[in-house]
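In what follows, a single structure is set out as structure tokens and then discussed.
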Amino acid sequence: MAGKSLYDKIWDTHVVRRQEDGTVLLYIDRHLVHEVTSPQAFEGLRLAGRKPWRTGAMLAVPDHNVPTTNRLRGIDDLVSREQVETLDRNCQEFGIQEFMMNDKRQGIVHVIGPEEGFTLPGTTIVCGDSHTSTHGAFGALAFGIGTSEVEHVMATQTLLQKPAKTMQIRVEGALGKGITAKDVVLAIIGHIGTAGGTGYALEFAGSAIESLSIEGRMTVCNMAIEGGARAGMIAVDEKTIDYFRGRPFAPQGELFEQAATYWRTLKSDPDAVFDRVITLDATQIQPQVSWGTSPEMVVPVTDKVPNPAKETDPVKAEGMRKALTYMGLTADTPIDQIAIDKVFIGSCTNARIEDLRAAAAVIGGRKVAANVTMAMVVPGSGLVREQAETEGLDKIFLAAGFEWREPGCSMCLAMNADRLEPGERCASTSNRNFEGRQGQGGRTHLVSPAMAAAAAIAGHFVDVRHF
Amino acid sequence: MQAFTQHTGIVAPLDRANVDTDAIIPKQYLKSVKRSGFGPNAFDDWRYLDPGEPGMDHSKRRKNPDFILNQAPYDRATILLARQNFGCGSSREHAVWALTDFGFRAVIAPSYADIFFNNSFKTGLLPIVLPEETIDELFQAVASQSGYTLTIDLARQQIIRPDDASAIPFEVDSFRKQCLLDGSDDIDLTLKHADEIRTYEAQRRQSAPWLFLDR
């Protein structure tokens, strides 16, 4: 019999029961909750007279709507405020632990889960948020769900699921100088396409993935969903285990070592069979910049904006034309000649301490370019912000002309006051370049933190390797 | 959940690939704590020429005459014909609520993003997958006949065309099909197995105690 993949191992340990048609009742170990996708689920519980199955498996935090300035004066937008207060009330009513807006531990749900050790290897983790795939970086099975399923998990601690197909994406070789996890995952999405992972759980493997830091692995798994896969995961190694030592929600002492013994088994067996295996050459990956309105519309910074006239698939060519019109770009323009208006360094993709360090390192005493009207840094959590300030990173950003904000999702999706105006062009470390994502009519280019910082200083995209 | 058995309705063609959930329901409307009322804001950025915010009277906004759902008879459409990877992006179930609140009962496309596909079944919106060629045929049929209507029979897994052409069969997961036909509540179904969930938990408390440090 063939060996098991990492996905199979976690799946098998979480099966409560199997139906005849293959649908499984899957036990969920960890449920992260935020203010946007939970109110209707809580209301559903109330209407049906149900209680959460296991509140200790839940952790809540407001992140999408929270302001990133003047936090102490509260939320000006009444509708946003109502949503955050609804979360507060629901957590209080049902007895769920919440890091409220002004708690130092508050932050983006996918940053605080691992930071607190609430996320653990080998667990099943869900959240009403597609970027839940982030937590797969720790050898967990983590995926986003809709509000009906949020309610289902609250009420039963389980989900009705069918197993996904498995795809292993191997990135082999050494990454070049200045190439980051963000470039790796954008290159992967450019390769498999935005629907390439649909129906699959992805496992990222190979020497380039193993060499990534924990933060970098989170960036890669975070964007599995941009390749169409609900879940992305990476095998456990000593880096993973060390990460959890001393985290507040993680086991301590002897129990930690007992857990670690099990965690070390969380890797695909050498003879595991995948439905699909893809291999990328790490040495060929360049710094990436997205040019269109889908994350698969991405090219190396050394390249040009693609030309739809050269695309043979008519549906694709039409999509490219629509994207170019929306983005206000002309085919064949060199990427490094595209000027930008704003810079956003933040989001669950790239707002951890390592991301902020990488961005700060590029600045080198220089200033944000005159044509850049706003450059903002939004740390992923209050603890990341505090750590960055201890290291003096805030001073580097402020001296260069960046704004230093309070933690939250911010301009990744612009549910709070942080947004692009129509026509504005942004170098963004976030995960989606969809039309209107960062503000109606806004134009998003996805890049790594280092590339975003370099673009802020140059006023246009530049190859960070020669900057 | 609203049951789905058989449905006949006008087909609206949305001829673009990778329609994401940000496009289906823009973020500012996700601030609502309700499950209904999203219909006027389905495809908001494409449907209106002026920017929209929650709380506005959307009937007074300037509509984009070029957008298909603003044109009769598609403003009364109940079946959406779309291209590949429909519903990609965010997990927001609000996208499905916006479509059903607009009046859609089914979507027909060559492929869907996983989370959207799943959310649709939970809310009584039937997402039908058909081969690219059949989708092309349907786009042509809709283009050649304004108000083109289809009948979807879930029990028989067939789409019946108006012009005596042969019925189009479609696949659907048997369990999901039954849930839709019954309009059943998943949570009720699952709670019938509450004892099994408790048994599983008790075993896991033994084998992986570090997962139960509920604090």
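The values are calculated or read from the model by the stated rules, or taken from the named source; none is laboratory data. Please read all numbers here as calculations on a predicted model, not as lab measurements. Every residue, glycine among them, receives a Cβ derived from its backbone with ideal geometry; neighbour counts consider all protein chains shown. Please note that ligands, DNA and RNA were not included when accessible areas were found on the heavy atoms of the full protein model with its side chains. Shrake-Rupley method; radii C 1.70, N 1.55, O 1.52, S 1.80 Å.
Within straight cross-link reach of A:Lys367, meaning Cα distance under 25 Å, which lysines are found once same-chain residues fewer than 8 apart are removed?
The reachable lysines, counting only those whose Cα sits under 25 Å from A:Lys367, are A:Lys177, A:Lys182, A:Lys342, A:Lys395.
State in Å² the accessible area per residue of region A:177-241; use a 1.4 Å probe, count heavy atoms of protein chains only, and round to the nearest integer.
So region A:177-241 comes to 22 Å² accessible per residue, rounded to a whole number.
Stokes-Einstein D for region A:19-134 at 25 °C, 0.890 mPa s, Kirkwood Rh over Cα pairs, in µm²/s?
The Stokes-Einstein estimate is 161 µm²/s.
Using heavy-atom solvent-accessible surface (probe 1.4 Å) with all chains present, what is the largest-first order of A:Asp8, B:Asp186, B:Asp163?
Largest to smallest exposure gives the sequence B:Asp163, A:Asp8, B:Asp186.
Starting from the Cα of B:Asp75, step 7 Å along the direction of its Cβ; do the same at A:Thr390; then give the gap between the two resulting points in nm.
A separation of 6.0 nm, rounded to one decimal place.
Which whole-number value in Å³ per residue fits the convex hull of the alpha carbons of region A:199-348?
About 165 Å³ per residue, rounded to a whole number.
If you consider only alpha-carbon coordinates, what radius of gyration and Dmax does region B:107-161 have, in Å?
My reading of the Cα-based Rg and Dmax gives 12.2, 34 Å.
With all protein chains present and a 1.4 Å probe, how do A:Trp53, B:Trp210 order by accessible area, largest first?
Largest to smallest exposure gives the sequence A:Trp53, B:Trp210.
Could you work out the relative contact order of region A:1-129, using alpha carbon pairs under 8 angstrom and six or more residues apart, expressed as a whole percent?
It comes to 33 percent, rounded to a whole number.
Comparing the chain by itself with all protein chains present, which residues of region A:408-436 are at least 20 Å² less accessible (probe 1.4 Å)?
Residues losing area: A:Leu413, A:Met415, A:Arg419, A:Arg432, A:Phe434, A:Glu435, A:Gly436.
What FRET efficiency comes out for the pair B:Ala165/A:Lys162, r = Cβ-Cβ distance, R0 = 45 Å, nearest 0.05? Write down the numbers at each step before the final one.
Numbers: r = 33 Å, r/R0 = 0.73.
Efficiency, rounded to the nearest 0.05: 0.85.
Note down the nm distance, to one decimal, between modelled labels 7 Å out along Cα→Cβ at A:Glu238 and at A:Asp281.
According to this spin-label approximation, the distance is 3.2 nm.
Using only the heavy atoms of the protein chains and a 1.4 Å probe, how would B:Ile168, B:Ile160 rank by accessible area, largest first?
Ranked list, largest accessible area first: B:Ile160, B:Ile168.
Test of understanding: express the Cα radius of gyration of chain A as a ratio to 2.2 N^0.38 Å, with N the residue count.
Details: Rg = 21.4 Å, N = 467, 2.2 N^0.38 = 22.7 Å.
Normalised Cα radius of gyration, chain A: 0.94.
What is the spin-label model distance, in nm, from B:Gln140 to A:Thr325 if the labels are put 7 Å beyond Cα along the C-beta direction?
Between B:Gln140 and A:Thr325, the label points sit 2.5 nm apart.
Normalised by the number of residues in chain A, what is the relative contact order in percent for Cα pairs under 8 Å and 6+ residues apart?
Relative CO of chain A lands at 17 percent.
Anything losing 40 Å² or more of accessible area from the isolated chain to the full protein assembly: pick those residues out of region B:31-74, probe 1.4 Å, ligands and DNA/RNA ignored.
Hits at the 40 Å² cut-off: B:Lys31, B:Val33, B:Arg35, B:Asp45.
Can you give me the relative contact order of chain B as a percent, contacts being Cα pairs under 8 Å and 6 or more apart?
Relative CO of chain B lands at 25 percent.
Springs between alpha-carbon pairs under 10 angstrom, Gaussian network model over chain B: which of B:Lys34, B:Lys177, B:Lys60 fluctuates most?
With Cα springs under 10 Å in chain B, the top fluctuation among B:Lys34, B:Lys177, B:Lys60 is at B:Lys60.
Between rounded, prolate and oblate, where does region B:32-151 land on the alpha carbon gyration tensor, with a ≥ b ≥ c its root eigenvalues, rounded for a/c under 1.5, else prolate if a/b exceeds b/c?
It comes out oblate by the Cα gyration axes.
Mind checking which lysines have their C-alpha under 25 Å from A:Lys51, skipping anything on the same chain fewer than 8 residues away?
List returned: B:Lys31, B:Lys34, B:Lys122, B:Lys192.
Please give the per residue accessible area of region A:1-76, computed with a probe of 1.4 Å over protein heavy atoms only, in Å².
Accessible area per residue: 36 Å².
Summed for both chains, how many Å² of accessible area, to the nearest 100, are buried between A and B with a 1.4 Å probe?
Roughly 5700 Å² of accessible surface disappears when A and B pair.
Taking the Cα atoms of region B:118-212 alone, what are Rg (to one decimal) and Dmax (as a whole number) in Å?
20.9, 65
Starting from the Cα gyration tensor of region A:273-384, take the square roots of the eigenvalues, sort them a ≥ b ≥ c, and report rounded, prolate or oblate (rounded when a/c is under 1.5, otherwise prolate if a/b is larger than b/c, else oblate).
Values: a/c = 2.06, a/b = 1.32, b/c = 1.56.
In terms of gyration-tensor shape, oblate.
Can you figure out the FRET efficiency of A:Glu20 with B:His7, using R₀ = 30 Å and their beta-carbon distance, to the nearest 0.05?
Plugging the Cβ-Cβ distance into 1/(1 + (r/R0)^6) gives 0.60.
Which percent of the accessible heavy-atom area of region B:120-200 goes to carbon and sulfur, probe 1.4 angstrom?
Answer for region B:120-200: carbon and sulfur cover 47 percent of the accessible area.
Over region A:157-252, what percent of the accessible surface lies on carbon and sulfur atoms, probe 1.4 Å? Let's see the in-between values first.
Working: 1440 of 2600 Å².
Roughly 55 percent of what the probe reaches on region A:157-252 is carbon or sulfur.
From the P(r) of region A:353-455, could you give the percentage of C-alpha pairs in the tail past 15 Å?
60 percent
Among rounded, prolate and oblate, which fits chain B when a ≥ b ≥ c are the square roots of the eigenvalues of its C-alpha gyration tensor, a/c under 1.5 means rounded, and a/b larger than b/c means prolate?
Oblate.
Would you mind getting me the FRET efficiency between A:Arg465 and A:Leu72? Use the beta-carbon distance for r and R0 = 56 Å, nearest 0.05.
After rounding, the FRET efficiency stands at 0.85.
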